[in-house]
Amino acid sequence: MASQPNSSNGTQTPRDINTKREDVLSWEDYFMATAVLAAKRSKDPCSQVGACIVNDDKKIVGIGYNGMPTGCSDDDFPWTKKEKRLYVCHAEMNAIVNKNSADIKNCTIYVVLFPCDQCAKIIIQSGLREVVYLSDKHESKETTQAAKRMFDSARITYRQHIPQNRKIEIDFEEINWDATVQRAPSP
Ligand SMILES: Nc1ccn([C@H]2C[C@H](O)[C@@H](COP(=O)(O)O)O2)c(=O)n1
Ligand SMILES: [Zn+2]
């Protein structure tokens, strides 16, 4: 039995290194965490949004975050609330445009913030089937209500993600630690 950090909650628990780990990240937390990680690339000072598209085989087929269009320098274009809306590409749009699969029909999109009306249209036209979101902080906005109306009409389901783990930590040091454990001979 070896003592090694439990990556899901950071505590030190004894773990048998010859037995399969059970306390792994759930698929749902994994996909939403991927969207949250993508959001960390965003230069937007107010809202960092990420999106992750997943197919029926649980393969990630697209990732995106909100940012200026390619060729439009994020140093030259404005980030004020009023002006940025003219330029910024939303996370959902980038995830769809950046897809690495020919077909994203019937896929699920995991997104940090509920899609706006413009993204809803792109989601519908791309044939996505389900939207899983973390925050609905703009639920009273006309754009969110329009998005929901279109999703309902187009029979695209949407649901809020309830995380199993409130916090998911990435500790790069832990990777080196694991390598040491893996070199230990098994009985
Ligand atoms: N579903 C969404 C909603 C918003 N965004 C982006 C667009 C802006 O960069 C930012 C929102 O800015 P705020 O109104 O909070 O100043 O988030 C997105 O990518 N996807
Ligand atoms: Zn949008």
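Each reported figure results from applying straightforward, stated rules to the coordinates on display, with no laboratory input. The model shown is predicted, which means the values in this text are computed figures rather than measured ones. Note that we place each Cβ from the backbone using ideal geometry, even for glycine, and neighbour counts take in every protein chain shown.
Report, ordered by chain and residue number, the lysines lying within cross-link reach of Lys81, taken as a straight Cα distance under 26 Å and ignoring same-chain residues fewer than 8 apart.
The reachable lysines, counting only those whose Cα sits under 26 Å from Lys81, are Lys40, Lys43, Lys121, Lys137, Lys141, Lys148.
Any idea how far apart Lys43 and Asp171 come out in nm if each label point goes 7 Å out from Cα toward Cβ?
Calculated label separation equals 3.4 nm.
Using R₀ = 22 Å, calculate the FRET efficiency as 1/(1 + (r/R₀)^6) where r is the Cβ-Cβ separation of Asp117 and Ile162; round to 0.05. Walk me through the numbers on the way to the answer.
Numbers: r = 25 Å, r/R0 = 1.15.
Result of the calculation: an efficiency of 0.30.
Ignoring everything except DSSP H segments at least 4 long, calculate the 222 nm mean residue ellipticity for the chain; use -39,500 (n - 2.57) per segment, divide by total residues, nearest 500. Walk me through the numbers on the way to the answer.
Working: 6 runs with 56 residues, N = 187.
Calculated mean residue ellipticity at 222 nm is -8500 deg cm²/dmol.
For a Förster distance of 35 Å, can you work out the FRET efficiency between the beta-carbons of Arg21 and Ala154, rounded to the nearest 0.05? All intermediate terms of the calculation are to be shown ahead of the outcome.
Details: r = 40 Å, r/R0 = 1.14.
In this case the efficiency is close to 0.30.
At q = 0.30 Å⁻¹, what log₁₀ I(q)/I(0) does a Debye calculation on the Cα points of region 132-179 give, no solvent, two decimals?
-1.11
With the calculation restricted to Cα positions, what are the radius of gyration and Dmax of the chain in angstrom?
Answer for the chain, Rg first and Dmax second: 19.5, 65 Å.
Label 7 Å along Cα→Cβ of Tyr30; region 46-87 residues with amide nitrogen under 19 Å?
The answer is 51-64, whose backbone nitrogens lie closer than 19 Å to the label point.
Roughly how tilted is helix 172-182, in degrees to the nearest 10 and between 0 and 90, from the longest Cα axis of the chain?
Long axis of 172-182 versus the principal axis of the chain: about 40 degrees.
Under 13 Å Cα to Cα from Lys58, which aspartates and glutamates show up? Leave out anything in the same chain fewer than 8 places away.
Candidates past the 8-residue exclusion: Glu28, Asp29.
Pairing the Cα long axis of helix 142-153 with the longest principal axis of the chain, what angle in degrees results, from 0 to 90 and rounded to the nearest 10?
It is inclined by approximately 80 degrees.
Hey, what did the chain get for relative contact order, percent, Cα under 8 Å, at least 6 apart?
Values: 315 pairs, mean separation 35.0, N = 187.
Relative contact order, the chain: 19 percent.
Cα axis of helix 27-39 to longest principal axis of the chain: angle in degrees, 0 to 90, nearest 10?
That helix lies at roughly 60 degrees to the long axis.
For Ala102 and Arg85, calculate 0.36 nm times their separation in residues minus their Cα-Cα distance, and state this gained length in nm to one decimal. Don't skip to the answer; put the middle values down first.
On the way: separation 17, 0.36 × 17 = 6.12 nm, distance 2.90 nm.
That pair, Ala102 and Arg85, stretches by 3.2 nm at full extension.
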